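Just so you know, all these numbers are worked out from the coordinates, no wet-lab data involved. This is a predicted model, so every value here is computed, not measured. Methodologically, a virtual Cβ is constructed for each residue, glycine included, from the backbone with ideal geometry; neighbour enumeration extends over all protein chains shown.
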Amino acid sequence: MNPQLLSMVYDKVSPLINYLPKQQQIQLASYGRQQFMQHFVNYLQFEEYLPESQQACELWGIKFQSQLGNAAGMFKNGDGYDVVAKLGAGAYLGGTSTYNPRVGNKKNGVKLPFIGLHQSQAAINWLGLPNRGDELLATQSITSNKVVGCPIGWSLMRSPDLPENEGVTKLVEGLWRYHNHPQIDFIEINESCPNIKLGVAGIIPRLQRIASEFVAKRQRHLPVIVKLSNDLNPRDLAVILEELIRLKYDGITLGNTSTDYSSILSQITPAERKLFEYFTANFGGGVSGAPLKQKSLELCAEAANQLQRLQPSHEFHIIRSGGVETNQDLLASKQHGVSFNQWYTGFFNVYAQVGSAVYRSVLTN
């Protein structure tokens, strides 16, 4: 089935769905999202879009055909590469995966809870990191037709199911598995997921251990980026960034979904606030989309200021993830020192309007 048609129909009927009880809205949206993704990752019957040469960039000696690609979480099990490469993505990011397979969250009869807040250009999910596990995912082929200009990255993280020490041990094992995967060009370590408790005291020792057991011992050119939360305090960002540079990491991604519900509530339209409060009270989860736009840009700008102060001796890049949806967002990112952008909720918002022109419409407007 054509996922573009599914997305457009759902977008048109969403005002009617809002009349349903809140629990039914969430059940319908969660089920619909799963069905849509099953069709989306395999649908190739559309015209290919090749970004113009001026939209390309080169990071770490790797060519990216544009400065925009998907954020982690869109393709948790390494599917969908051929689709996004043909759409015009500047990169593909698989995962986030964990050492152990996870089926994801289920509560109150809802599997993988999700809701889109269309008027607010936002979404909330409490998926719980569903993935098939690193042992399997690191051995599978991601594509038989890798596109020059659409490199492949992989996102992985310490499993929240394991104690800290064991979790980091298994994370390092996973890093080596993806290091040995011939199709993978860069790695993103997820330190931003709500499943991982945030705090400089916890993050820095993990980064130090990963650096000594993996980053310093890499046997091929494989940039390693660390992804941090959109809820990060700018003061903590400075401390972590200094350590990342000292340890020879290659970049930082800012940020991920937010759990700062009280700050976000004012950015949710009045008509959707009760649904927002119902979901966060009953499921929790992370908020994505437009409400994260300003904070992600501010964090990236602060990171750029810190880079000016620190003057790293090796190539180090800032990647923005949070609220990216328009060409204006890309321009603002560039003006604030961002080298590459990731989108998730913004992608689906635009896709519902223009379908397979999703990258073309944002890159060229």
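Quick notes on this structure:
- For the range 71-151, the set of chymotrypsin sites (Phe, Trp or Tyr not before Pro) satisfying both a DSSP loop assignment and a count of at most 12 other C-beta atoms within 10 Å is empty.
- Distance histogram in 10 Å bins (all Cα pairs of the range 262-353, percent per bin): 15, 39, 29, 14, 3, 0
- Helix-only [θ]222 nm of the chain, DSSP H runs n ≥ 4, -39500 (n - 2.57) each, per residue, nearest 500: -12500 deg cm²/dmol
- Taking other residues whose beta carbon is less than 14 angstrom from the beta carbon of Trp60, and scoring Lys, Arg as +1 and Asp, Glu as -1, yields -1.
- Label-zone membership for the range 284-307, site Asp11, 7 angstrom Cα→C-beta point, backbone N under 20 Å: 288-293
- Taking a straight Cα-Cα cut-off under 16 Å and skipping sequence neighbours fewer than 8 places away in the same chain, the aspartates and glutamates within cross-link reach of Lys86 are Glu47, Glu48, Glu52.
- DSSP assigns beta bridges within the chain; of those with both partners inside it, close to 40 percent run antiparallel.
- Span-like helix ranges in the chain, DSSP H, alpha carbon extent 15 angstrom or more, Kyte mean at least 0.0: 3-17, 200-213, 234-246
- Proximal charge balance of Asn18 [Cβ under 11 Å; K/R count +1, D/E count -1]: +1
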